[in-house]
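Here's the structure we're looking at; comments come further down.
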Amino acid sequence: MTALVILQSLLLISGALMFVVGSIGLLRFPDTYTRIHALTKADNVGLGLIIIGLIPANFSLLVTLKLLLIWLLVMLASALSGHLVAWEARAKQVPLAPSEGESNDELTD
Amino acid sequence: MNLLIDLTLLTGILAIAATSLLSRSLFQSVIFFILLGLTLALGWIRLGAPDIALAEAAIGAGITGVLLLDTLGHLKKTGKLDKDEHRPSYPRLLLAILSSVTLVVLLLWAVFHQPTPAIQLHLLVEEALPDSGVSHQITAVLLNFRSYDTLLEVGVLVLAVLVGLALQTDQHQQDSLPGLPNPLLHACLTLLVPAMLITSMYLLWAGSDRPGGAFQAGAMLAAAFILLHLSGIKLSAQLSHRMMQFGLLLGFTVFLVVATSSVIGGRPLLAYPDGGAGLLILLIELALTLSIGLILLSLFTIANSPPLSSRSGGSNGH
C-alpha cells in the first residue's frame with residue numbers, strides 16, 4: 001500500500017512541477033510562439049501525470065473514465081487554442097523574438 | 001492541510017481581484033476577471049456549494065468573460081477606446097474606495113451579527129422535498145417553493161435581451177464578425193459541439209437530483225452556440241428572425257403558462273398539481289434551457305453589431 005502512495009505522490013508532485021515549469025516558460029520565454037510551446041506541452045503532460053496519480057485513490061471505473069475524459073478534452077482544447085493563437089499571431093505577423101543579445105521591445109502578448 | 005488549501009485559495013482570490021481592479025490595461029483586467037470567476041468557483045466548491053460553483057463557472061466566468069472580451073474588441077474596432085490605459089479620476093477613485101469599504105464593513109457586520117433564524121428553513125425544505133417533484137433541494141427551491149423568484153429572474157433576462165434588440169436598429173447587419181476559416185477549428189468543432197450539447201442536456205437532467213439545472217445547461221448551450229458563431233456557422237443567419245424571437249420567449253412563456261394555468265384550476269399562482277410537479281418542472285426547465293442559450297447568444301451577437309456610424313457605408317458584403 002505504501003509503495004502505491006509513494007508512486008502516487010511522485011506522480012502528483014512531478015505533475016505539479018510540470019505546471020510550474022510551464023508557467024515559468026510562459027513568463028520567461030521571449031515571444032508568442034515559444035510561450036505557446038511552453039504552455040501547451042507542460043500542461044498536457046502535467047495534467048496527465050496528475051490524473052494518473054489520482055486514479056488509484058478510491059479506484060472506481062466510472063471515476064477513472066471521467067478523469068481520462070477530462071484529460072482528453074483538456075488536451076483537445078489546449079491543442080486547439082494553442083494552434084489558434086499561433087495561427088492568429090502569424091496572420092498578424094507577430095515577429096519572432098530576436099536571437100541572443102538584441103533588444104526585444106516589440107514583444108506582444 | 002485543508003486549512004492550507006483554503007488560505008491559499010483565499011489569498012489567490014483576493015490577489016486576483018486586486019489585480020483585476022488595479023490593472024492599467026483593460027484587457028488584463030478582463031482576463032483577471034475571468035480568472036477571478038474560476039477561482040471563486042473553486043471557493044464555492046470548498047464551501048460545499050457545487051450549485052453556485054457551477055453557475056459561477058458557467059455564467060460568471062464563461063459567458064460574462066466572453067461578453068466582456070467581445071465588448072472590448074468592439075470598442076477597439078470602433079476606436080471608442082482611444083487608448084488601452086486609463087486612469088480613473090481622483091474623486092471618483094476615492095468615492096469607489098469609500099463605498100466598497102462601507103459595503104465590506106456592512107457585510108462583515110451582517111455576517112458576525114447574524115440573528116439565530118426563527119424558522120429552520122433547511123429543515124422545512126427537507127420536510128417538503130418529497131412533494132416537490134424533484135429530489136435535489138436547490139432545484140426544489142428554485143422551481144417549486146420559490147419559483148416566483150425564478151419566473152421574475154427569467155423575465156429580467158428576457159427584458160434585457162429585448163432592450164438590446166431594440167437598440168440594434170438594423171437586423172440585417174448584426175454580424176460584423178467574420179468567421180475563422182481555420183480547418184483545425186472546424187475539425188475540432190465536430191467533436192466539441194456534440195460533447196457540449198450532451199453535457200448541456202446532462203446538466204439539465206442532473207438538476208432533478210444533484211447540482212445542475214436550466215441556468216447551467218443554458219449557459220453551456222450558449223457556449224456551444226457562441227463557439228459555432230465564432231467559427232462562422234451563424235445560428236442567427238440560419239434561423240429566421242421570427243424563429244429566433246420565438247426561441248427567446250419560449251422559456252418565459254412556458255413558465256408563465258404553467259404558472260397561470262394553476263390559477264384557472266382554482267389553485268394559487270404557481271402551485272403545481274399533485275403528482276405532476278416533476279414533469280412540469282422538467283418541461284419548464286427544457287424550455288428555459290433553450291431560451292437561456294438563445295438569450296445569451298443574442299446578447300453576444302448584439303455586442304458584435306456594427307456601430308451606427310458605419311452602417312451607412314453599405315458594407316453588407318457576405
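What is the projected area of the convex hull of the Cα atoms of chain B, averaged over all directions, in nm²? Please list the in-between numbers first.
Values: hull surface 84.6 nm².
For chain B, averaging the hull's shadow over all directions gives 21.1 nm².
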Could the peptides B:95-104, B:190-199, A:29-38 be put in order, highest first, of the mean number of other beta-carbon atoms found within 10 Å of their residues? A:29-38, B:190-199, B:95-104
Mean separation of Cα pairs under 8 Å and 6+ residues apart, divided by the residue count of the stretch A:7-91: what relative contact order is that in percent? 34 percent
Return the FRET efficiency for the residue pair B:THR253, B:LEU167: r is the Cβ-Cβ distance, R0 is 25 Å, and the value is rounded to the nearest 0.05. 0.65
Sorted largest first, the Cα spans of the protein assembly as shown on the principal axes come out in Å as 83, 73, 52
Restricting to Cα pairs below 8 Å that are 6+ residues apart, what does the relative contact order work out to for the stretch B:1-114? Please round to a whole percent. 23 percent
Distant alpha-carbon pairs in the stretch B:1-133 (separation over 23 angstrom), percent: 55 percent
With n ≥ 4 as the cut-off for DSSP H runs, can you work out [θ] at 222 nm for the protein assembly as shown, using -39500 (n - 2.57) per run divided by the number of residues, rounded to the nearest 500? -23500 deg cm²/dmol
Ranked highest first by the average count of other Cβ atoms within 10 Å around their residues, in what order do B:33-46, B:54-67, B:208-221, A:56-69 fall? B:208-221, B:54-67, B:33-46, A:56-69
Across B:180-193, the residue-averaged tally of Cβ atoms belonging to other chains within 10 Å stands at 3
Spin-label pair B:ALA187/A:GLN93, simplified geometry with 7 Å Cα→Cβ offset, distance in nm: 2.8 nm
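Take the Cα gyration tensor of chain A, multiply each eigenvalue by 5, square-root it, and list the three semi-axes largest first, rounded to whole angstrom.
Details: eigenvalues 247, 58, 7 Å².
Three semi-axes, in Å: 35, 17, 6.
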Over 5 Å intervals from 0, what percent of Cα-Cα pairs in the stretch B:191-265 sits in each interval? 3, 14, 15, 20, 21, 13, 8, 4, 2, 0
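Can you give the extra length, in nm with one decimal, that the chain gains between B:LEU283 and B:VAL111 once fully stretched, where that is 0.36 nm per residue apart less the Cα-Cα distance?
58.1 nm
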Amide N proximity, the stretch B:109-142 versus B:ASP209 label position 7 Å along Cα-to-Cβ, cut-off under 11 Å: B:135-136
Would you mind checking the tilt of helix A:2-28 against the longest principal axis of the Cα atoms of chain A, expressed as 0 to 90 degrees and rounded to 10? 10 degrees
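Find out how many positive minus negative residues lie around B:VAL154, taking Lys and Arg as positive, Asp and Glu as negative, among other residues whose Cβ is under 15 Å from that of B:VAL154.
Details: positive: B:ARG146; negative: B:ASP149, B:GLU153, B:GLU285.
Once positives and negatives cancel, what remains is -2.
Every read-out reported here was derived from the displayed coordinates using simple, explicitly stated rules and does not represent laboratory data. Because the structure is a prediction, the values reported are computed rather than measured. Note: ideal-geometry Cβ built from the backbone for every residue, glycine included; neighbour counts use all protein chains shown.
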